[in-house]
Amino acid sequence: MYKCSKESLGALLSAINEKYALYVPKKHGEGSVSSFEAYGDGENMYLSGITDRGIKELFFPQCEEIARFVTANGAFGVKETAVKSGYNVIFGARACDIKGLQTLDLVFLAEPEDRLYKSRREAGIVVSLSCGEPSETCFCTCFGVDPSKSGDIAAIGTDGAYYFEILTEKGRLLIPELSSVCKTTDDDIEAERDKIRAKAALMPAALAAKDLPDKKTDELFDLPVWDKLSAHCLGCGTCTYLCPTCQCYDIKDSKTADGAARCRFWDSCMYSDFTKMSAGQPRLTQKERYRQRFMHKLVYFKENQGIYGCVGCGRCVRKCPASAHMIKVIKELGKADERHT
Amino acid sequence: MNAIHDPLVPQVCVIREIITETPDVKTFHITAENGEKPFDHLPGQCAMLSIPCEGEAMFSITSPMDSDRLEFSVKRCGSFTNRLHDAAPGEKILVRGPYGRPFPVSDFENEDLLFIAGGIGLAPVRSVIDSCLDRREKYGKIRIIYGARSYPDLVFKDSLFGKWKEADNTEVFVTVDRGGDGWSGHVGFVPQYVSEVCNDCKPVVILCGPPVMIKFTLAELTKLGFEKYRVYTTLEMKMKCGIGKCGRCNIGSKYVCRDGPVFRLDELEELPDEY
Ligand code: SF4
Ligand code: SF4
Ligand code: FES
């Protein structure tokens, strides 16, 4: 375990930034969108709450090139985009976002592996920061997330200090930087962690969402309550873009000087184009699209992977303009369980 | 140019031959640049075809598993398929695959088989029929029921009225919704024709076609007492990745690109009603 004073955090991050590309949570003033950015001069760090945009985009960017086609001058060739090597460090990740990565791993690292995601995953050293002040819309404990400890290195802030516990082999790569600024210590911080866990378990949203649905697919799919739940959904896609576990993507080409670049982009099951074919549209109205998103998180993903596809980060709760969010869905589907059992 | 490792990145292939099947369906014969088959496939599997900046889409492979080319029968129905229809032999095309769970042709051995197809739905079925006919001794009686809107809309006429008709222990029943255009055969819809052809036999069924036809034919088969686990069909959804990752083609917890496109009727009934 390593320990440094609160004032020394900047020195530690600067030391890491010397050697690695370092990303930290930042917020540029009240009302701006907080997200993970390059450390730079260390200004505008935002450590007191969960960011609006999570760490997903550092591993699965909103837009990335997968291949180039050269078609000029009678040529016709394909070149796949090279993967980058070398490590980078993400400091200040929340446990829910890290669980989000583990959820994405089940999809992108399953055969056939997604090589671009995999390379970023292998390159990323993730330092979590414990969540001392959960937002009232957080409900990560419903999904087994431990908000006090996660990642390759778990950082926890106490009154005067930061503690760092290395949890994985990859985390050990930062030992030189930690040693240069921190002292090693035998302090027991389990009590501090227990305080965080206890507080998190009492988050109002966590209490509201505690009865997760566990019913047969067909019964949940056919519930009349989907009409009510989806009635105000605008199909804006905010919930999917901000969600740490949403993985859907589109593939499109754009012209280059000598051919084309094939890129993949985040897409959203909330959009009508998502499943529209020239042969027809299986999800005709917003109700079907809305149901797809939430059934996927709460039922289909669990059927396929054994865990829920939501980590309780609360972003869709905070950001949905129509307040048509996950907690409402869980409450309604949970009720459905009671009715049937 | 470079070795391709990414399942999302296609290889360069060449259109060798283009057959005009109907006014709006053409069959494209494709090989790798060196003339070889781009990859092996099993009947029922699909592949992604694309042209830079023109689009990419999934098509079922219509040639049998032992063929030395990949063949795709494409119906003109949108901007990318229009562009394909304008292609000429010799043109380069991007291909990736094969994708999906095939028809379990080895489980069909020693069985009588009933193939039922409507319209362009004969494309995936043709791969199974020809794969079975290539090993004729392994299968029992083969019956093929095929329907299209009208005589000019029948695809694979050479097979329907030539190769398949002449094959051992094989019967072909062709019907059109609308007579005329020089057609003197059966007129009527496929589901009704099924009960005329097969009310006393219970072969394994392989069924492909437009959703309405599938729906009514399944109802007819159930009425005739066919067992669900002996009826196979294919589903269609929009696809982008082909490998169960882009999240686009699911019906319930199944991804059509990876867990399908072939489903047994009993599996189909487990899925939420969204196809
Ligand atoms: S649920 Fe809310 S955030 Fe999601 S698409 Fe609908 S309106 Fe937008
Ligand atoms: S569904 Fe909502 S609460 Fe759950 S992980 Fe996604 S954004 Fe967070
Ligand atoms: S096409 Fe991407 S998941 Fe099936």
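Its Cα gyration tensor gives the protein assembly as shown an equivalent ellipsoid; the semi-axes, largest first and in whole Å, are 52, 29, 19.
Kindly identify the stretch B:174-218 as rounded, prolate or oblate by the Cα gyration tensor criterion: order the square roots of the eigenvalues as a ≥ b ≥ c, call it rounded if a/c is under 1.5, otherwise compare a/b with b/c, prolate if a/b is larger, else oblate. Oblate is the answer for the stretch B:174-218, as a/c is 1.5 or above yet b/c matches or exceeds a/b. Of the residues in the stretch A:293-331, those shielded by at least 30 Å² of accessible area once partner protein chains are present, compared with the chain alone at a 1.4 Å probe, are A:Y300, A:N304. Working from Cα pairs under 8 Å separated by at least six residues, relative contact order for chain B is 17 percent. Coupling constants for the stretch B:55-65 follow from the phi torsions by the Karplus curve (6.51 cos²θ - 1.76 cosθ + 1.60, θ = phi - 60°), and in residue order they are x, 9, 8, 8, 9, 7, 7, 9, 7, x, 4 Hz; glycine and proline get x. Could you work out what % of the accessible surface of the stretch A:217-340 is carbon and sulfur, using a 1.4 angstrom probe and leaving DNA, RNA and ligands out of the count? Carbon-and-sulfur percentage of accessible area, whole number: 53.
In this structure the amide hydrogen of B:I251, modeled in the peptide plane, comes within under 5 Å of the amide hydrogens of B:V256, none closer than 5 places in sequence on its chain.
Place a +1 charge on the Cβ of each Lys and Arg in the stretch A:103-204 and a -1 charge on the Cβ of each Asp and Glu, then give the dipole magnitude about the Cα centre in debye, rounded to the nearest 20. Computed charge dipole of the stretch A:103-204: roughly 220 debye. Put A:E30, B:E109, A:E177, A:E122 in order of accessible area, highest first, and with a 1.4 Å probe you get A:E30, A:E122, B:E109, A:E177.
Select from the stretch B:249-275 all residues whose loss of accessible area on going from the chain by itself to the full protein assembly reaches 30 Å² or more (probe 1.4 Å). Residues passing the criterion (a loss of at least 30 Å², heavy atoms only) are B:N250, B:S253, B:Y255, B:P272, B:E274. The H on the amide N of A:A21, modeled in the peptide plane, is under 5 Å from the matching H of A:V89, each at least 5 residues off or on a different chain. Taking amide hydrogens as placed 1.01 Å from N in the peptide plane, the amide H of B:V172 sits under 5 Å from those of B:I144, each at least 5 positions away in sequence or on another chain.
Overall, the anisotropy analysis places the stretch A:97-197 in the oblate class: the square-rooted eigenvalues a ≥ b ≥ c of its C-alpha gyration tensor yield a/c not less than 1.5, with a/b not exceeding b/c. The peptide list B:199-206, B:165-172, A:124-131, put in order of mean Cβ contacts within 10 Å with the highest first, becomes A:124-131, B:199-206, B:165-172. Just how far, in whole angstrom, is the stretch A:21-45 from the stretch A:270-341 if you go by their alpha carbon centroids? Distance between centres, Cα-based: 31 Å.
Considering only beta bridges that DSSP places wholly inside chain B, some 60 percent are antiparallel.
The angle between the Cα long axis of helix B:122-133 and the longest principal axis of the Cα atoms of chain B comes to about 80 degrees, rounded to the nearest 10.
Distance distribution note for the stretch A:217-340: the fraction of Cα pairs above 18 angstrom is 57%.
Using a 1.4 angstrom probe, figure out how much accessible area the protein assembly as shown has per residue, in square angstrom, rounded to the nearest whole.
Details: 25580 Å² over 616 residues.
Heavy-atom accessible area per residue stands at 42 Å².
Think of chain B as a dipole: +1 on every Lys or Arg Cβ, -1 on every Asp or Glu Cβ, centred on the Cα centre; then among B:A123, B:T234, B:H5, B:H5 lies furthest on the positive end. Placing unit charges on the Cβ atoms only, positive for Lys and Arg and negative for Asp and Glu, gives chain B a dipole magnitude near 440 debye about its Cα centre. About its Cα centre, the dipole of the protein assembly as shown is roughly 1000 debye, where the only charges are +1 on Lys and Arg Cβ and -1 on Asp and Glu Cβ.
Convex hull over the alpha-carbon atoms of the stretch B:11-99: what's its volume per residue in Å³? Hull volume over Cα atoms, normalised by residue count, gives 83 Å³.
Applying the criteria of a DSSP loop state and at most 14 other Cβ atoms within 10 Å to the trypsin sites (Lys or Arg not before Pro) of the stretch B:167-275 yields B:R178. Using +1 at the C-beta of Lys and Arg and -1 at the C-beta of Asp and Glu, which of B:F59, B:N34, B:L70 has the Cα lying farthest in the positive direction of the dipole of the protein assembly as shown? It is B:F59.
Ordering A:C313, A:G235, A:T275 by Cα displacement along the dipole of the stretch A:217-340 toward the positive end leaves A:C313 in first place; charges were set at the Cβ atoms of Lys, Arg (+1) and Asp, Glu (-1). In this simple spin-label model, placing a label point 7 Å from the Cα along the Cα-to-Cβ direction at both A:H232 and B:K37 gives a separation of 5.8 nm.
So which of A:K56/A:K149; A:K331/B:K215; A:K149/A:K183 end up more than 25 Å apart, counting from Cα to Cα? Can you show the working numbers first?
Values: A:K56/A:K149 19 Å; A:K331/B:K215 36 Å; A:K149/A:K183 20 Å.
The answer is A:K331/B:K215.
Restricting attention to the stretch A:47-127, which trypsin sites (Lys or Arg not before Pro) occupy a DSSP loop and are surrounded by at most 14 other Cβ atoms within 10 Å? Mind dumping the intermediate values first?
Numbers: sites: A:R53, A:K56, A:R68, A:K79, A:K84, A:R94, A:K99, A:R115, A:K118, A:R120, A:R121; in loops: A:R53, A:K84, A:R94.
Filter output for the stretch A:47-127: A:K84.
Note that the stretch A:60-67 has calculated 3J(HN,Hα) couplings of 9, x, 4, 9, 8, 7, 10, 7 Hz, one per residue in order, obtained from phi through the Karplus relation 6.51 cos²θ - 1.76 cosθ + 1.60 (θ = phi - 60°); glycine and proline are x.
Over both sides of the A-B contact, add up the buried accessible area with a 1.4 Å probe and give it to the nearest 100 Å². Please list the in-between numbers first.
Numbers: alone 16600 and 12720 Å², together 25580 Å².
Roughly 3700 Å².
Using the alpha-carbon atoms, what tilt in degrees (0 to 90, nearest 10) does helix B:211-223 show relative to the longest principal axis of chain B? That helix lies at roughly 40 degrees to the long axis. Normalising the average separation of contacting C-alpha pairs (under 8 angstrom, six or more residues apart) by the number of residues puts the relative contact order of chain A at 21 percent. Report, for the stretch B:108-227, the % of DSSP beta bridges that are antiparallel, rounded to 5. Of all bridge pairs located within the stretch B:108-227, approximately 5 percent are antiparallel. Couplings 3J(HN,Hα) of the stretch A:153-158, computed from phi: 9, 9, 9, 9, x, 10 Hz, in residue order, whole Hz [Karplus 6.51 cos²θ - 1.76 cosθ + 1.60, θ = phi - 60°; x for Gly and Pro].
For chain A, A:C63, A:C131, A:C138, A:C142, A:C233, A:C236, A:C248, A:C263, A:C269, A:C310, A:C320 stand unpaired, since no other cysteine beta carbon lies under 4.7 Å from theirs.
What's the long-distance tail for chain A, i.e. % of Cα pairs beyond 26 Å? It works out to 54 percent of all Cα pairs. With both residues required to sit in chain A, DSSP beta bridges show an antiparallel share near 75%.
Rank-order A:200-212, A:284-296, A:178-190 by packing density, defined as the average count of other C-beta atoms within 10 Å over each peptide's residues, highest first.
Details: A:200-212: 17.2, A:284-296: 20.6, A:178-190: 13.7.
Highest mean packing first, the order is A:284-296, A:200-212, A:178-190.
The values are calculated or read from the model by the stated rules, or taken from the named source; none is laboratory data. As the structure is a prediction and not an experimental result, all values here were calculated from the model. FYI the Cβ positions are ideal-geometry reconstructions off the backbone, even for glycines, and counts take in every protein chain you see. Calculation scope for accessible area: heavy atoms of the full protein, side chains included, ligands and nucleic acids excluded. Shrake-Rupley method; radii C 1.70, N 1.55, O 1.52, S 1.80 Å.
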